[in-house]
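Engineer: Below is one structure. I have some questions about it.
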Amino acid sequence: MPEPTVADVVVRLPKTLPANASVAEASACFANDHVHMLLFTQSGRLLGTLVREDLDETASGPALRYARLTGRTVSADLPAEDARQLLLRRGQRRLAVVDHDGALLGLLCLKRRRTGFCSDADVARAAERLR
């Protein structure tokens, strides 16, 4: 049996924001403590990622101005265990998953215990608890 890849463990329908979302809109998303990384897209392409630490009290205007891609994306064909080790080395729990053209394929989400990855079912259960 082949080793699982990122494509096998990715959350396929992560929450995204439009490229023109404001810092205020991003901050409102971060008010939910289950939101750790925001993904800014346009026509299915990932334009930037944002984490809470990217914003400070002086941030304003378009949120994409504070977003970045470097160090926050991974390819879907990377072995899942290699991706987990990468996240552990970097002290991260989230990476956007993109194809070779920059299209967003999903979000790689390391579980709190860091032994496995969140699934679409995990995300759906968490969303249901918030209702």
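Engineer: Any residue in region 58-80 that is touching a Lys or Arg at 6+ places or on another chain (Cβ under 9 Å), farther than 19 Å from VAL11 by Cα and either free of Cβ contacts under 8 Å to residues at least 24 places away in the same chain or assigned to a loop (DSSP other than H, G, I, E, B) (or both)?
Structural biologist: Among the residues of region 58-80, at least one is touching a Lys or Arg at 6+ places or on another chain (Cβ under 9 Å), farther than 19 Å from VAL11 by Cα and either free of Cβ contacts under 8 Å to residues at least 24 places away in the same chain or assigned to a loop (DSSP other than H, G, I, E, B) (or both), which makes the answer yes.
Engineer: I've got another one for you. Out of all the residues in region 55-76, which are modelled with pLDDT under 95 and of a type in the set (D, E, K, R)?
Structural biologist: ASP56, GLU57, listed by residue number.
Engineer: Tally time: how many residues in region 87-131 are at pLDDT 90 or above, surrounded by fewer than 16 Cβ atoms within 10 Å (Cβ to Cβ) and part of a helix (DSSP H, G or I)?
Structural biologist: 3
Engineer: Taking region 1-46, which residues are open to solvent by 70 Å² or more (accessible area, probe 1.4 Å) and assigned to a loop (DSSP other than H, G, I, E, B)?
Structural biologist: Of everything in region 1-46, those that are open to solvent by 70 Å² or more (accessible area, probe 1.4 Å) and assigned to a loop (DSSP other than H, G, I, E, B) turn out to be MET1, PRO2, GLU3, ARG12, LEU13, LYS15, ASN20, ALA31, ASP33, HIS34, SER43.
Engineer: Please count how many residues of region 2-26 are out of contact with any Gly (no Cβ under 9 Å at 6 or more places or on another chain) and not hydroxyl-bearing (Ser, Thr, Tyr).
Structural biologist: 12
The values are calculated or read from the model by the stated rules, or taken from the named source; none is laboratory data. Predicted, not measured: the structure shown is a model, and the values here were computed from it. Glycine also receives a Cβ, built like all others from the backbone with ideal geometry; neighbour counts cover every protein chain displayed. What goes into the accessible areas is simple: the full protein's heavy atoms, side chains included, and nothing from ligands, DNA or RNA. Shrake-Rupley method; radii C 1.70, N 1.55, O 1.52, S 1.80 Å.
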